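Structure record follows, encoded as structure tokens.
The values are calculated or read from the model by the stated rules, or taken from the named source; none is laboratory data. Since this is a predicted model, take the numbers as computed values, not measurements. Note that each Cβ is placed from the backbone with ideal geometry, even for glycine, and that neighbours are counted across all protein chains shown. The area values use the complete protein model at the heavy-atom level, side chains included, leaving out ligands, DNA and RNA. Shrake-Rupley method; radii C 1.70, N 1.55, O 1.52, S 1.80 Å.
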Amino acid sequence: MGRKKHPIQDTDVDLSVSEPKRSAAGLPSLSETLPHAMAHMGPSRAWKTLTAVNQKDGFDCMSCAWPDPPERKAAEFCENGAKAIGWEAEPLRIPTGFWAENPLSSLESRSEHWLGQQGRLVEPVYKAAGAEHYAPISWERAFGIVASELNALDDPNEATFYTSGRTSNEAAFLYQLFVRAFGTNNLPDCSNMCHESTGIAMGETIGVGKSAITYTDFAKSDLIIIMGQNPGTCHPRMLTALEEAKLAGASIVAVNPLPEAGLINFRNPQRVRGLAGKGTDLADQFLQIRLAGDMALLQALSKRVLDAESAAPGTVLDRTFIDEHCQGFVGFAAHLATLQERDVLAATGLRSAEIDELADRYIRADKVIITWAMGLTQHKKAVPTIKEIINLLLLRGNIGKPGAGPSPIRGHSNVQGDRTMGIWEKMPPRFLEALQDEFGFDPPRKAGVDSVDSIRGMRDGRIKVLIALGGNLVHAISDTAVAEQAVRRTRLSVQISTKLNRSHVVCGEQALILPTLGRTEIDKQDGIEQFVTVEDTVCAVHRSAGPLEPIAADVLSEVAIVTRMAEAVLDHKVPVDWAGLRRNYDTIRDHISHVVPGFEDFNVRIRERDGFVLPHGPRDSRTFPTATGKAVFSVNDLETIEVPPGRLLLQTVRSHDQFNTTTYSMNDRYRGIKKGRMVLLVNPEDLAGLGFQDGAYVDVHSEADDGVDRVLRQLRLVAYPSARGCATAYYPEANVLVPLDSTAEGSNTPASKSVIIRLEPAAAPIFEAAAGQRK
Ligand SMILES: Nc1nc2c(c(=O)[nH]1)N[C@H]1C(S)=C(S)[C@@H](COP(=O)(O)OP(=O)(O)OC[C@H]3O[C@@H](n4cnc5c(=O)[nH]c(N)nc54)[C@H](O)[C@@H]3O)O[C@H]1N2
Ligand SMILES: Nc1nc2c(c(=O)[nH]1)N[C@H]1C(S)=C(S)[C@@H](COP(=O)(O)OP(=O)(O)OC[C@H]3O[C@@H](n4cnc5c(=O)[nH]c(N)nc54)[C@H](O)[C@@H]3O)O[C@H]1N2
Ligand SMILES: [Mo]
């Protein structure tokens, strides 16, 4: 058999496909997980980390932003959390000789999986202009290079400062302080590619872009609607909360083009029933919607609620709530009167009776929660779609009461906290004024660039330096070819990272990699152990302190790196005692308590019990910090995506064995895919209609207005029980197909879940016919 490799892919020759699973597990037991963890970390590290993760005196799991329950289990982590911990805490280091042995030209041909397997970064390394290799360098020299390049720019806006969502509140606060003191608001982050659409939609309608529920609301709810989210893989501990809600009497409805395992059935290994394999049937109703059909569905639901009110006036709407707390109801109701059912059915692919059933459930429930994630935010019409969630909830006062509310489920474990700390290219004036009052310098007021605009700026030569506090921007952003070319045009790229990824090997003319401590490690400054803080998806702020000795003595904490960079770059430009902040993280928190609302007495309250929940006007008191002080019913014109005949709409998702651009293994167990990622999941009837067979290899071309032929070659077709007309491939590989300019209106988030594609038989088979047989 020919064993050729896909460029930057691991070989897929052993790929196999079996039936997708119906059921997913949530919290595994410690005894079940320890053997796997021990294989990566050894017994002592495995025990130390797994017994500390998500515990009150331990560290916050880095695998998602799901909150911790008030009562912790002995094993308060999921299978994927254990993988994330193992990936970071495996005691494997990149040896010094690695850099001389591996020129960039060879590293560039490596997959993310391979790069991530090389071990932890343990010393700063530098690639000089024109050099083919990185080489070790002292911290002093590294910061000196950053300073001379940044200070040589004509304008501070010629640099951009990315943040991924694992950064602690303390490091994030200092990073934005440094960047603004340097003179720019160019603070793009992973949220630009993630829940930005949510922040915009909720900000404009209820005045707060964050979840309006607390953890205990799940168990108080009558109905939980989960839209565009795959908790079985991405937030497995949520399944426990859903099971508790279900046992307390809630109904659960899933809206998704794919029958994702955890949404249908849940096995709780910490209960006897779960161990015996039966599990709880979670979803009472599953609406297998077409990609991007949610706005039509939500409008159709609201219309049915309004029709029910017309049929029995005074019995359906929460009139008191609407009159006292909302604006725009009349215009909204009038607009929905024009909604055509045939447009709804075409956009959603659902039957009227299914929508009737959900509307009926909604009307019968007193307390409704709607959750969502990337299945809603990464579409062209993401912002109005999320506004329609708010409209539907407002109709029956489903906000600001126990058991009810809109609840976006965040991804990265501290992405929400980073935003709260000021990592945003357009922080409001009141935040900048507070910074000015606290630190005595005048922060820039002009909005900065987000992630997509940072790539555009580098592509066009306006942005010359890229600094990244974590993450893997070049592989996480859309349009890989454009992004790679853009980053290569920079004079300097700097990555502050735990492990190697593509953003280190596709880099600027000069490049630096600065190794940093992860969540699992002890962070000592001046001999004293420090802790950091994070904010979860329901606005709870708590401590995090790792249990392990640092991977190597020379690795610095994120706080140390940011403050030392600030000292080198800014010299004494602003009156900030960076060294003092580095020595004692309490002093950082003191500043935060003066600048960020809700953090008063931060150092005291963070030490009490388990931290605190940030104030949230709509949730706590139905106070809406919008321009008028009211929650806004919005009017959104329904516009659906026209997919031309013979084409499919593609979404790009995560497999069960990856964290964003990090691939732990080549498997996606719940979807039945093993030992390969280069697959395209398509409904069998669509395959037949297009004249393709399950198991065939195709080249996938995306079709965009700009006429560029973007292509991902050699995907194996998998007949899959997906909604009709929709295809699914894995991210980040499929980012080559997403045009940079294809973004959500109003949030500029890459529309990575609605890409129009055309399939062509694979031009030249890389694999021989025996590869990838269905088992
Ligand atoms: N193990 C693991 N955990 C993670 C991550 C990870 O990579 N691995 N990533 C973290 C991050 S940063 C994030 S943002 C979250 C992501 O969490 P998710 O958003 O759950 O992750 P995705 O894989 O993008 O899955 C999107 C889901 O939405 C569905 N979907 C897609 N388009 C539509 C649509 O138009 N309508 C509807 N109704 N559904 C749709 C897909 O079928 C899929 O089930 O997870 C976080 N947690
Ligand atoms: N096509 C498509 N594209 C997408 C998405 C999609 O669904 N489809 N999802 C988008 C979403 S939701 C997101 S959030 C982005 C993710 O974008 P990013 O956040 O930029 O990417 P990650 O893969 O999470 O970053 C992983 C890297 O972070 C570094 N790292 C890990 N832990 C730490 C730490 O503690 N400190 C530091 N400093 N570094 C650390 C490691 O070097 C690791 O390689 O991707 C987006 N891109
Ligand atoms: Mo995300």
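Could you check region 605-624 and list, in sequence order, the residues that are part of a loop (DSSP other than H, G, I, E, B) and open to solvent by 80 Å² or more (accessible area, probe 1.4 Å)?
Applying the first criterion (part of a loop (DSSP other than H, G, I, E, B)) to region 605-624 yields 606-611, 614-616, 622-624.
Once the filter is applied, which keeps residues that are part of a loop (DSSP other than H, G, I, E, B) and open to solvent by 80 Å² or more (accessible area, probe 1.4 Å), region 605-624 yields R607, E608, R609, P615.
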Out of (1) at pLDDT 95 or above; (2) within 16 Å of ligand 1 (Cβ to nearest atom); (3) of a type in the set (D, E), what's the single condition that is false for E642? (1)
Of all the residues that make up region 623-650, how many are on the phi > 0 side of the Ramachandran plot and touching an Asp or Glu at 6+ places or on another chain (Cβ under 8 Å)? 0
Among the candidates F218, F173, F182, F178, residue that is closer than 30 Å to L153 by Cα, more than 15 Å from ligand 1 (Cβ to nearest atom) and either among the acidic types (D, E) or under 23 Å from the mean Cα position of the chain (by Cα) (or both): F173
Just to be sure, is L687 open to solvent by less than 50 Å² (accessible area, probe 1.4 Å), assigned by TED's automatic domain parsing to the domain that holds A729, at pLDDT 95 or above and part of a strand (DSSP E or B)? no
Among the numbered conditions (1) assigned to a loop (DSSP other than H, G, I, E, B); (2) within 30 Å of V643 (Cα to Cα), tell me where P236 comes up short. (2)
Residue list for region 180-196, filter: assigned to a helix (DSSP H, G or I), within 16 Å of ligand 3 (Cβ to nearest atom) and hydrophobic (A, V, I, L, M, F, W, C): C190, M193
Just give me the residues in region 654-670 being closer than 23 Å to L291 by Cβ and within 12 Å of ligand 3 (Cβ to nearest atom), in sequence order. R654, N660, T661
Residues being more than 28 Å from A248 (Cα to Cα), out of contact with any Cys (no Cβ under 9 Å at 6 or more places or on another chain) and within 16 Å of ligand 3 (Cβ to nearest atom): count how many of those fall in region 377-413. 2
Could we say that Q299 is buried (at least 16 other Cβ atoms within 10 Å of the Cβ) and not assigned by TED's automatic domain parsing to the domain that holds V538 here? yes
Of the residues that make up region 707-719, is at least one of a type in the set (S, T, N, Q), open to solvent by less than 20 Å² (accessible area, probe 1.4 Å) and more than 30 Å from K387 (Cα to Cα)? yes
Does any residue in region 658-674 that is under 15 Å from T498 (Cα atoms) and hydrophobic (A, V, I, L, M, F, W, C) come within less than 8 Å, Cβ to Cβ, of a residue that is open to solvent by less than 10 Å² (accessible area, probe 1.4 Å) and within 16 Å of ligand 2 (Cβ to nearest atom) six or more places away or on a different chain, and which pairs are these? F659/N80; F659/A84
Going through T205, T198, T233 one at a time, which residue ends up being among the polar types (S, T, N, Q) and more than 16 Å from ligand 2 (Cβ to nearest atom)? T205
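Can you tell me which of R319, R304 is among the basic types (K, R), without any contact (Cβ under 8 Å) to a residue 12 or more places away in the chain and away from ligand 3 (no atom under 16 Å from the Cβ)? Spell out how you get there, then give the answer.
Working: R304 fails: without any contact (Cβ under 8 Å) to a residue 12 or more places away in the chain.
Going through R319, R304 in turn, just one is among the basic types (K, R), without any contact (Cβ under 8 Å) to a residue 12 or more places away in the chain and away from ligand 3 (no atom under 16 Å from the Cβ): R319.
Please work out if A382 is small (G, A, S), open to solvent by less than 10 Å² (accessible area, probe 1.4 Å), at negative phi and within 16 Å of ligand 2 (Cβ to nearest atom). Spell out the reasoning first.
Values: small (G, A, S): yes; open to solvent by less than 10 Å² (accessible area, probe 1.4 Å): yes; at negative phi: yes; within 16 Å of ligand 2 (Cβ to nearest atom): yes.
Answer is yes for this residue.
If I go through region 481-497 residue by residue, how many of them are open to solvent by 10 Å² or more (accessible area, probe 1.4 Å) and part of a loop (DSSP other than H, G, I, E, B)? Quick ask: steps written out before the conclusion?
Keep residues of region 481-497 that are open to solvent by 10 Å² or more (accessible area, probe 1.4 Å), which gives 481-482, 484-485, 488-489, 491.
Next, from what is left, pick out any that are part of a loop (DSSP other than H, G, I, E, B): 489, 491.
Matching residues across region 481-497 total 2.
Specify the residue that is nearest to ligand 3 (Cβ to nearest atom); the eligible residues are those in region 239-250 that are part of a loop (DSSP other than H, G, I, E, B) and open to solvent by 10 Å² or more (accessible area, probe 1.4 Å).
We begin by selecting, within region 239-250, every residue part of a loop (DSSP other than H, G, I, E, B); these are 248-250.
From the residues that got through so far, the ones that are open to solvent by 10 Å² or more (accessible area, probe 1.4 Å) too are 248-249.
Numbers: A248: 30, G249: 32 Å.
Among those residues, the one meeting the criterion is A248.
Being more than 16 Å from ligand 1 (Cβ to nearest atom) and either touching a residue at least 24 places away in the same chain (Cβ under 8 Å) or of a type in the set (G, A, S) (or both) is true for just one of K387, K401, K380. Which residue is that?
Details: K387 fails: more than 16 Å from ligand 1 (Cβ to nearest atom); K380 fails: more than 16 Å from ligand 1 (Cβ to nearest atom).
Just a single option satisfies the conditions, and that option is K401.
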Taking the residues in region 270-296 that are open to solvent by less than 10 Å² (accessible area, probe 1.4 Å), assigned to a loop (DSSP other than H, G, I, E, B) and modelled with pLDDT under 95 as candidates, determine which candidate is farthest from ligand 1 (Cβ to nearest atom). G279
Taking the residues in region 325-368 that are closer than 17 Å to F286 by Cβ and among the aliphatic types (A, V, I, L, M) as candidates, determine which candidate is most open to solvent (accessible area, probe 1.4 Å). A353
If we scan region 553-570, do we find a residue that is free of Cβ contacts under 8 Å to residues at least 60 places away in the same chain, open to solvent by less than 30 Å² (accessible area, probe 1.4 Å) and in the same structural domain as D442 (by TED's automatic domain parsing)? yes
Would you confirm whether or not region 168-185 contains a residue that is buried (at least 22 other Cβ atoms within 10 Å of the Cβ) and more than 22 Å from V595 (Cα to Cα)? no
Considering only helices (runs of 4 or more DSSP H) wholly within region 48-166, the ones with at least 1 residues that are under 30 Å from P443 (Cα atoms) and open to solvent by less than 10 Å² (accessible area, probe 1.4 Å) are 139-151
Just give me the residues in region 690-700 being of a type outside the set (A, V, I, L, M) and either at pLDDT below 95 or surrounded by 18 or more Cβ atoms within 10 Å (Cβ to Cβ) (or both), in sequence order. F692, Y697
Do we have K387 as touching an Asp or Glu at 6+ places or on another chain (Cβ under 8 Å), open to solvent by 20 Å² or more (accessible area, probe 1.4 Å) and closer than 30 Å to N748 by Cβ here? yes
When you check A763 against the structure, is it assigned to a loop (DSSP other than H, G, I, E, B) and touching a Pro at 6+ places or on another chain (Cβ under 8 Å), yes or no? no
